[in-house]
Amino acid sequence: MSFAALDTSKLSLDNGATRTALRSVPAQWANAFNAGDIDRLVELYDPEAIKFPASSFTPVVGLGALRRYYSKPDWSGASIGLKDDTLVRMTGERSALVAGSYQFSLPLSETVTSLHVRYSFVLVRHIRSWRITHDHSSLVPPARD
């Protein structure tokens, strides 16, 4: 199912289908990233979205900047493996918070670097879809003894 085709106009806040739709956004994001499908990735975002990547101190703002960010050759061969820890919180009639973590793998020379990353998405409800308006990722700190 395409993210753009997901009709959320009839979903209520307490409807399990709403939470299922919200929970599907990270999977769609990871699948689009892993497929290198920049168009589908950018389609998941609100036109005025802000992304705070784990790999930079500089925010990425707007669809054009997101397209450039995800088009970097640095991501060639990189993959995202979502963990089964997604949390969903409704924050209003047209907004929600979705958070969890993923394993980010990036081939560097002859080795693969694997990082445990946590993320949070603030989603806004458009007419027929939920879009990411705020995306924040950060490295999970090492466990403390």
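The values are calculated or read from the model by the stated rules, or taken from the named source; none is laboratory data. All values derive from a computational prediction rather than experimental measurement. Glycine also receives a Cβ, built like all others from the backbone with ideal geometry; neighbour counts cover every protein chain displayed.
Taking region 117-135, which residues are within 11 Å of the chain's Cα centre (by Cα), of a type outside the set (Val, Ile, Thr) and under 16 Å from residue 41 (Cβ atoms)? Walk me through it before giving the result.
Just the residues of region 117-135 that are within 11 Å of the chain's Cα centre (by Cα), to begin with: 118-123, 131-135.
Still in the running and of a type outside the set (Val, Ile, Thr): 118-121, 123, 131, 134-135.
The answer is 119, 121, 123, 131, 134, 135.
For the structure I just gave you, tell me whether residue 114 is in a strand (DSSP E or B), within 15 Å of residue 54 (Cα to Cα), small (Gly, Ala, Ser) and free of Cβ contacts under 8 Å to residues at least 12 places away in the same chain.
On the way: in a strand (DSSP E or B): yes; within 15 Å of residue 54 (Cα to Cα): yes; small (Gly, Ala, Ser): yes; free of Cβ contacts under 8 Å to residues at least 12 places away in the same chain: yes.
So residue 114 fits the description; yes.
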**Q.** Matching residues, region 76-100, being surrounded by fewer than 16 Cβ atoms within 10 Å (Cβ to Cβ), of a type outside the set (Val, Ile, Thr) and under 24 Å from residue 130 (Cβ atoms)
**A.** 81, 83, 84, 85, 87, 89, 90, 92, 93, 94, 95, 97
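So if I check each of 98, 124, which one is hydrophobic (A, V, I, L, M, F, W, C), in a strand (DSSP E or B), touching a helix residue (DSSP H, G or I) at 6+ places or on another chain (Cβ under 7 Å) and closer than 20 Å to residue 23 by Cβ?
When all the criteria are applied, what remains is 98.
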Q: Output the qualifying pairs, or none if there are none: Cβ atoms under 6 angstrom, residues six or more apart or on different chains, first residue in region 8-29 and at negative phi and among the β-branched types (Val, Ile, Thr), second residue modelled with pLDDT under 85 and surrounded by 12 or more Cβ atoms within 10 Å (Cβ to Cβ).
A: 18/11
Q: Could you give me the residue pairs with C-beta distances under 7 Å whose first residue belongs to region 52-71 and is free of Cβ contacts under 8 Å to residues at least 12 places away in the same chain, whose second residue is surrounded by 14 or more Cβ atoms within 10 Å (Cβ to Cβ) wherever it lies, and which are 6+ apart or on separate chains?
A: 59/50; 59/51; 59/52; 60/51; 60/53; 60/66; 60/69
Q: Please go through region 127-145 and pick out each residue that is out of contact with any helix residue (DSSP H, G or I) (no Cβ under 8 Å at 6 or more places or on another chain), over 19 Å from residue 69 (Cβ atoms) and of a type outside the set (Asp, Glu).
A: 127, 140, 141, 142, 143, 144
